[in-house]
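Below: the structure, in structure tokens.
The values are calculated or read from the model by the stated rules, or taken from the named source; none is laboratory data. Keep in mind that what you see is a predicted model, and the values were worked out from it rather than measured. Every residue, glycine as well, gets a Cβ built from its backbone with ideal geometry; the counts of neighbours run over all protein chains shown. Quick note on the areas: whole protein, heavy atoms, side chains included, nothing else; ligands and nucleic acids left out. Shrake-Rupley method; radii C 1.70, N 1.55, O 1.52, S 1.80 Å.
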Amino acid sequence: MKKRIITIITACSILSAALCLIGLGWVMKDQLIGTKNTKVTTQPAQEVPHPAHQQIHIAAFGDSLTRGTGDPEGKGYIGYLMQELKKKTKKPITLSNSAIKGQTSSQLVKQLAEPEIRRQIKNATIILLTIGGNDLFQGGKAISHLDPTFMKRSEKTYLANVKKIYSTIRSLNQSATVFHIGLYNPFIDMEKSKLTSTIVRQWNFDSANTAADYKKIVYVPTFDLFELNVNDYLFNDKFHPNAAGYKLIGERVAALITFSEEGKR
Amino acid sequence: MINLVYNEQLKLFRKKRLFVIILIVAFLVPIFTYAQYKQVKTTEERLGTTDWRTQLQQEIVDTQNRLSSSRLQEDIRQFLKVRLTQQQYYLDHNINPNAPGAPTFMRVFAENSIGLLLPLLVMVIAADLVSSEASGGTIKLLLTRPVKRWKILLSKYIALLLSISFIVLCVAILTYGISGLVFGYGGWSMPMLTGFTSKGEELITTGVHLIPHWEYILMEFGLVWFVCFVVGTLTFMLSVLLRSTAAVMGIMLAALISGVILTNMVSSWHSAKYLFMVNLQLTNYVNGLKPPIEGMTLGFSIAVLLIWALAALIISFFTFTKRDVY
């Protein structure tokens with residue numbers, strides 16, 4: 001009896017050793033000697049049918065504001081927006097947040113070229129966007145030397161990028177409502193606040209003008225939200241909003257979304 | 001010779017070591033399966049979708065966000081950058097690297113246990129192969145037989161290799177059988193990408209090609225077996241050199257664990273790549289993760305491990321045949 005078990009175990013072991021050696025040899029052949037350069041063909045994309053009518057799909061893009069930087073709970077304005085929306089509708093809401101901290105408008109243009117991002121835009125019912133903050137403030141660098149010609153130049157590239165972003169979104173998805181959340185001035189309490197506010201207002205104005213050229217792209221102002229008591233709504237870094245600041249933005253967007261949904265019906 | 005090997009197999013069988021190891025694996029696999037299952041469920045809940053493309057995209061965005069923070073160590077940054085490019089490559093070619101299924105679980109288990117868990121299990125078998133006979137005194141009885149010493153040692157070594165193969169086989173069967181209950185048994189033929197190499201923070205995709213999943217798994221288990229063979233041989237040498245099994249285990253444990261720690265911090269100490277314990281993560285070369293030290297390749301790691309194993313074999317046979325036993 002014992003003898004038979006041991007023979008079986010030994011046989012299994014030899015078999016396994018042989019298999020493993022084949023595997024090992026295969027690795028060597030595959031990785032070291034190199035292969036007959038088989039081209040990697042892209043697998044055909046099998047489209048998952050998207051029940052667009054039963055559920056609301058939110059696609060969010062942009063920078064740290066959409067990420068929620070500064071909110072201790074990490075919800076960001078999207079978290080508060082979702083809370084509000086869940087009160088208003090019984091439909092399931094899904095969210096894909098593709099925002100990247102520190103993203104500038106030209107980086108977003110690049111991101112929108114990725115196939116998966118494009119698929120998300122296609123399936124979205126609502127698209128949220130924050131962009132421009134990093135183009136304008138460049139992490140606070142620009143604010144220390146306010147050079148008007150430099151500012152003009154960066155605004156020009158920014159506006160050209162925004163145009164590209166809007167057209168890309170519209171060409172992929174004609175029906176989704178796009179909410180582009182505008183810029184506020186985090187430096188409104190500091191010196192030269194007049195100058196910085198003028199610049200931010202100018203950017204907001206020009207962006208809103210661009211948005212007006214497209215159907216169902218709403219430029220949501222936030223400048224006024226932070227105009228008074230800016231420090232109550234800012235995080236420690238004096239740049240990103242805190243929880244209270246995000247809540248303000250979230251509620252503002254939420255109010256708009258119900259309105260546009262009722263308009264659809 | 002066959003009788004000698006049979007004799008060693010019988011001793012191993014009597015000690016019930018193999019049985020205990022299989023029990024350990026059989027106990028661990030359900031735990032990992034459950035953890036994996038929970039993880040899948042949580043991501044599904046968080047994103048509200050079962051579509052893997054959305055999930056992978058979300059992972060990519062999360063990595064991008066980690067990369068954008070400035071307080072990141074250079075080597076971690078490079079590691080993340082390489083992984084990010086790879087994930088993007090998978091996504092662009094519409095291939096799911098983590099399709100649920102028992103084969104995927106097998107692969108992930110092999111990749112995660114090759115560095116520590118499986119070497120530890122092998123060590124348990126190999127540690128007292130010779131030293132227990134020395135400390136128990138049975139070695140004298142064995143050596144009084146009219147058989148050459150090197151034959152005795154060789155029979156022990158062959159028995160060790162057989163046990164290692166058996167352990168690898170059992171791990172494969174157990175992970176497949178148990179995880180399949182939850183994830184399903186399919187997915188052997190889905191395509192996988194291999195052949196990534198990295199240079200600095202760049203991922204080089206010129207050598208990338210598609211292979212079926214079963215081939216990928218077979219390759220990884222081949223590497224797992226190789227690592228177990230090397231660790232087993234080193235432990236075997238210590239077992240010949242030292243009379244105390246506890247000392248053998250202690251030294252091997254320290255070496256293996258220091259390997260895990262070292263791989264996380266040796267990126268700037270280049271000569272550390274000649275240590276065997278930093279070279280154990282062989283599967284990383286197949287799936288394209290960045291090696292701990294710049295310039296390490298699969299061929300290099302295999303060569304280093306092989307040299308260590310050969311040296312260990314020579315030392316063990318030399319000392320065993322020359323030593324006075326009293």
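Tabulated data
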| read-out | value |
| --- | --- |
| Residue among B:G184, B:G180, B:G137 that is open to solvent by less than 30 Å² (accessible area, probe 1.4 Å), in contact with a helix residue (DSSP H, G or I) (Cβ under 6 Å, 6 or more places away or on another chain) and not basic (K, R) | B:G180 |
| Identity of the residue in the range B:174-191, touching a strand residue (DSSP E or B) at 6+ places or on another chain (Cβ under 8 Å) and away from chain A (no Cβ under 12 Å), that ends up nearest to B:V108 (Cα to Cα) | B:W188 |
| Which numbered condition B:E133 misses (of (1) more than 10 Å from chain A (Cβ to nearest Cβ); (2) closer than 21 Å to B:Y37 by Cα) | (2) |
| Residue in the range B:207-227 that is part of a helix (DSSP H, G or I), in contact (Cβ under 8 Å) with a residue 60 or more places away in the chain and open to solvent by 40 Å² or more (accessible area, probe 1.4 Å) present | yes |
| Any hit, the range A:198-218, residues being closer than 18 Å to A:M151 by Cα, aromatic (F, W, Y) and surrounded by fewer than 19 Cβ atoms within 10 Å (Cβ to Cβ) | yes |
| The range B:285-306, residues that are hydrophobic (A, V, I, L, M, F, W, C), outside any loop (DSSP other than H, G, I, E, B) and more than 8 Å from chain A (Cβ to nearest Cβ) | B:F300, B:A303, B:V304, B:L305, B:L306 |
| Condition check for B:K290: at pLDDT below 85 and not aliphatic (A, V, I, L, M) | yes |
| B:T43, sole failed condition from (1) open to solvent by 50 Å² or more (accessible area, probe 1.4 Å); (2) at pLDDT below 85; (3) not aliphatic (A, V, I, L, M) | (1) |
| Tally of residues being among the hydroxyl-bearing types (S, T, Y), within 14 Å of chain A (Cβ to nearest Cβ) and under 30 Å from B:T85 (Cβ atoms) across the range B:1-58 | 4 |
| Some residue of the range A:167-186 being in contact with a helix residue (DSSP H, G or I) (Cβ under 7 Å, 6 or more places away or on another chain), under 23 Å from A:M151 (Cα atoms), surrounded by fewer than 22 Cβ atoms within 10 Å (Cβ to Cβ) and aromatic (F, W, Y) | no |
| Total residues in the range A:77-123, condition more than 21 Å from A:I56 (Cα to Cα) and of a type in the set (S, T, N, Q) | 6 |
| Criterion (in contact (Cβ under 8 Å) with a residue 60 or more places away in the chain, more than 19 Å from the chain's Cα centre (by Cα), open to solvent by 20 Å² or more (accessible area, probe 1.4 Å) and away from every other protein chain (no Cβ under 12 Å)) met by exactly one of B:V240, B:V325, B:V248, B:V260 | B:V325 |
| Of the criteria (1) at pLDDT below 90; (2) out of contact with any Asp or Glu (no Cβ under 6 Å at 6 or more places or on another chain), which one A:Y219 fails | (1) |
| Residue match in the range B:59-78 (condition: free of Cβ contacts under 8 Å to residues at least 12 places away in the same chain, more than 9 Å from chain A (Cβ to nearest Cβ) and hydrophobic (A, V, I, L, M, F, W, C)) | yes |
| Helices (runs of 4 or more DSSP H) fully within the range A:71-127 counting 2 or more residues that are aromatic (F, W, Y) | A:76-88 |
| Flag if B:T194 is within 8 Å of chain A (Cβ to nearest Cβ), closer than 21 Å to A:C20 by Cα and under 23 Å from the mean Cα position of the chain (by Cα) | yes |
| Any hit, the range A:44-61, residues being over 30 Å from A:L234 (Cβ atoms), modelled with pLDDT under 85 and at the interface with another protein chain (Cβ under 7 Å from one of its Cβ atoms) | yes |
| Odd one out for B:I164, checked against (1) within 14 Å of chain A (Cβ to nearest Cβ); (2) assigned to a loop (DSSP other than H, G, I, E, B) | (2) |
| Pair list, Cβ < 6 Å and 6+ apart or interchain, from the range B:19-47 residues that are touching a residue at least 24 places away in the same chain (Cβ under 8 Å) to residues that are open to solvent by 50 Å² or more (accessible area, probe 1.4 Å) | B:T33/B:V182; B:Y37/B:V182 |
| Matching residues in the range A:177-194 - criterion: being more than 17 Å from A:F226 (Cβ to Cβ), of a type in the set (A, V, I, L, M, F, W, C) and without any contact (Cβ under 8 Å) to a residue 60 or more places away in the chain | A:V178 |
| Residue among B:R66, B:R83, B:R71, B:R77 that alone is closer than 16 Å to B:L193 by Cα and either open to solvent by 60 Å² or more (accessible area, probe 1.4 Å) or of a type outside the set (V, I, T) (or both) | B:R83 |
| Residue in the range A:144-166 that is crowded, with 23+ Cβ neighbours inside 10 Å and either more than 15 Å from the chain's Cα centre (by Cα) or acidic (D, E) (or both) present | no |
| Failed item in (1) in contact (Cβ under 8 Å) with a residue 12 or more places away in the chain; (2) closer than 22 Å to A:R118 by Cβ; (3) open to solvent by 80 Å² or more (accessible area, probe 1.4 Å), with B:R53 passing the rest | (3) |
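Table: residues versus (1) among the aromatic types (F, W, Y); (2) closer than 24 Å to A:I78 by Cα.
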| residue | (1), (2) |
| --- | --- |
| A:G133 | no, yes |
| A:M151 | no, no |
| A:Y166 | yes, yes |
| A:L225 | no, yes |
